Amino acid sequence: MKKLLASLLVFSSLTCAGCFFQTEKHEDTRFMMDTIVTITTTGDSQKDLTDATNDALQLFQTIANQTDPYTAQGPEDLYAVNQSAGKGPHKASPYLMDILSKVQPMGNRDLDLTLGPVIQVWNAHKEAKTVPSQEEVAQALAKTGPEKYTLDTAANTVTLAPGAQLDLGAVAKGYAVEQTADLLSRDKRIKTALINAGGNIKVLGTKDDGSPWKIGIQDPRNPQKILGTLAVKDGTAIATSGDYQRYYEVDGKRYHHILDPQTGWPAWHARSVTVVTHSAFWADYYSTLLFVLPEDKAMALVEKDPNLEMLYVDLEGKTYVSSGLKDIYTPEK
Amino acid sequence: MRKNDFWLILVLLVLAAGSWFLFRSDSTARDKVLVVRKDQQVLQRIELKKVTSETKLIVPVEHGEMVIAYDREGGRVLSSPCPDQVCVHQGKITRSGQTIACVPEKVLVTITTAAKENDHDAILR
């Protein structure tokens, strides 16, 4: 009888351990930054996961406000900074300042945060379903260029040239994902987290079964299909820029939202570019930048940098994969 | 085999059978559910296997009305007052994990199953 009781005790303690230490999963989806933001977390308690996710989403919203070019937010946020163009230095909010001071030293003319005036032209034509004239685009383009803004990092001010307008659409989502990931990675309540914000993903932690995170990449011409799957590990960031996310068509030609800063017109080299690296901010930055380049130039740039990997789908639908992705990317059959 | 061993085995068998039934009843969890959310609120959860013919759901949104149609296989956005019509162009979703998002109207249409049978942790769109 003793044996039986002992066995039952062992059995019940084992099964109960399974109940108590079962990993909880939590998912929250919100509309922010003109896109869908989903944070999926795992940990020991639903309450902890809910609280941690709320903290993370609150941070995301703060960054969204500070980088919103369309709606007035705080006096130091992007909308207010843009209103100050031509009026001397204007104090900028911390996240806004941080983004600008990360991008400016890169000095790359293929990614320009001053495209605001050109974007305004395209937005107006998108609503009217018309195409702007060459002259209209050229006039707006004359107001752009990295030299149109200067930063004073000691005083936290931005000075915009007359007519200049900043638009951080190329990097803001990635930046918010990275900041959110940073917050969650320091949060002891979280075992794993996946942050997904409109084409920007970062994964944190290792799944219970030890398997890699599987991230599907959408076929740029068929939203119901997957082009292939990336198997990635803790700390990986992935971003996709595509001509299928925001566009309109006039006479069968696709006018999408990713503009070539050199011409002010949509870049017509790729259907989509996916970048894999460690930071969601740089993944967003490079996916936008590489999208405006032809495949050979984009691939040459990627292969020079050991921290950067890329999947490039050209306008004919041909897929190019950088050397570091060959082992972790599986095309869909 | 002693008498106690017999009882132990019997108890274990009963427990195993019990848990098998418990998890078996979960098999209905594989049935697809169409979830319609507006902003953060779940407006409708529709068990697709119970749908007999294509049905329309009208969702009041900021700029008017969005019409969602669903049948046993899945759902699609028939019309939406949003400017870009991305949600309408996306067509029909039929598999678990697929989503139609209308960002301007803050509507999310998703197919889920309680037992998530997705191959992917996330899809980059």
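The values are calculated or read from the model by the stated rules, or taken from the named source; none is laboratory data. Since we're looking at a predicted model, the values are computed, not measured. Virtual Cβ from ideal backbone geometry, glycine too; neighbours counted across all protein chains shown. Accessible surface areas use protein heavy atoms only, side chains included; no ligands, DNA or RNA. Shrake-Rupley method; radii C 1.70, N 1.55, O 1.52, S 1.80 Å.
Here's the picture: charge each Lys and Arg Cβ at +1 and each Asp and Glu Cβ at -1 in chain A, and of A:H257, A:V37, A:H26 the one pushed furthest to the positive end of that dipole is A:H26.
Legend: mean number of C-beta atoms from other chains within 10 angstrom of residue C-beta atoms, peptide A:134-141, equals 0. For chain A, the dipole from Cβ point charges (+1 on Lys and Arg, -1 on Asp and Glu) about the Cα centre works out to 800 debye, to the nearest 20. 3J(HN,Hα) along the stretch B:34-49: 8, 10, 10, 10, 10, 6, 9, 8, 7, 8, 8, 10, 10, 6, 5, 5 Hz, from the Karplus curve 6.51 cos²θ - 1.76 cosθ + 1.60 with θ = phi - 60°, whole Hz, x for Gly and Pro.
Here is the tail figure for the stretch A:75-151: Cα pairs spaced more than 22 Å apart come to 32 percent of all pairs. For the stretch A:275-319, with all protein chains in place and a probe radius of 1.4 Å, 54% of the accessible heavy-atom surface sits on carbon or sulfur. The HN-Hα couplings worked out from phi for the stretch A:238-254 by the Karplus form 6.51 cos²θ - 1.76 cosθ + 1.60 (θ = phi - 60°) are 9, 9, 10, 10, x, 7, 9, 7, 9, 7, 9, 10, 10, 6, x, 9, 8 Hz, whole numbers, x standing for Gly and Pro.
When the convex hull of the Cα atoms of the stretch A:46-100 is projected onto a plane and the area is averaged over all directions, what value comes out in nm²? Could the numbers behind the result be given before it?
On the way: hull surface 17.2 nm².
Result: a mean projected hull area of 4.3 nm².
Here the protein assembly as shown is treated as a Stokes sphere of Kirkwood radius computed over C-alpha pairs; at 37 °C and 0.692 mPa s its diffusion coefficient rounds to 135 µm²/s. When all protein chains stay in place and ligands, DNA and RNA are ignored, the 1.4 Å accessible-area order of B:F6, A:F31, largest first, is B:F6, A:F31. Listed by number, the DSSP H helices of chain A that run 15 Å or longer by alpha-carbon position along their axis and have mean Kyte hydropathy of at least 0.5 are A:2-20, A:280-291. For the stretch A:23-72, the spread of Cα coordinates along the three principal axes comes to 41, 16, 10 Å, biggest extent given first.
Could you report the buried accessible area between A and B, both sides summed, computed with a 1.4 Å probe and given in Å² to the nearest 100?
Numbers: alone 16530 and 8870 Å², together 22560 Å².
Separately minus together, A and B give about 2800 Å² buried.
Which distance in Å, rounded to a whole number, links the C-alpha centroids of the stretch A:226-281 and the stretch A:114-185? The distance from the Cα centre of the stretch A:226-281 to that of the stretch A:114-185 comes to 17 Å. Averaged over its residues, the stretch B:68-125 has an accessible area of 40 Å² per residue, based on protein heavy atoms and a 1.4 Å probe.
Dipole orientation for chain A: of the candidates A:P294, A:T192, A:A72, A:T192 has the Cα lying most toward the positive pole (charges on Cβ; Lys, Arg +1; Asp, Glu -1). Coupling constants for the stretch A:220-225 follow from the phi torsions by the Karplus curve (6.51 cos²θ - 1.76 cosθ + 1.60, θ = phi - 60°), and in residue order they are x, 10, 8, x, 8, 10 Hz; glycine and proline get x.
In the stretch A:203-221, the residues whose accessible area drops by at least 30 square angstrom when the other protein chains are added to the isolated chain are A:K214, A:G216, A:Q218; the probe is 1.4 Å and only protein heavy atoms count. Shown for the stretch B:43-125 is the translational diffusion coefficient from the Stokes-Einstein equation, using the Kirkwood radius over Cα pairs, a temperature of 20 °C and a viscosity of 1.002 mPa s: 160 µm²/s. The apolar share of the surface of the stretch A:123-199, taken as the fraction of accessible area on carbon and sulfur atoms (1.4 Å probe, ligands and nucleic acids excluded), comes to 50 percent.
Would you calculate the convex hull of the Cα atoms in the stretch A:189-230 and tell me its volume per residue in Å³? Mind showing how you got there, number by number?
Working: hull volume 3.6 nm³, N = 42.
Expressed per residue, the convex hull around the Cα atoms of the stretch A:189-230 is 86 Å³.
Each semi-axis of the equivalent ellipsoid for the stretch A:159-284 is √(5λ) with λ an eigenvalue of the Cα gyration tensor; in descending order they amount to 30, 21, 10 Å. Each residue was assigned an accessible area with a 1.4 Å probe, and for A:V273 the value is about 0 Å².
Between A:V250 and A:Y255, the built amide H atoms are under 5 Å apart, and every one of these is 5 or more places off in sequence or on another chain.
Among the protein heavy atoms, those of A:K207 account for about 50 Å² of accessible surface (1.4 Å probe, every chain in place). Surface calculation, 1.4 Å probe, protein heavy atoms: B:R2 sits at approximately 150 Å² accessible. Computed over the stretch A:240-333, the Cα gyration tensor eigenvalues convert (square root of 5λ each) into semi-axes of 23, 15, 11 Å, ordered from largest to smallest. Just checking the listed ones, A:Q83, A:Q179, A:Q66: in the Gaussian network model of chain A with Cα springs under 10 Å, the one fluctuating most is A:Q83. Computed on the Cα trace of the stretch A:105-239, the radius of gyration divided by the Kirkwood hydrodynamic radius gives Rg/Rh = 1.08.
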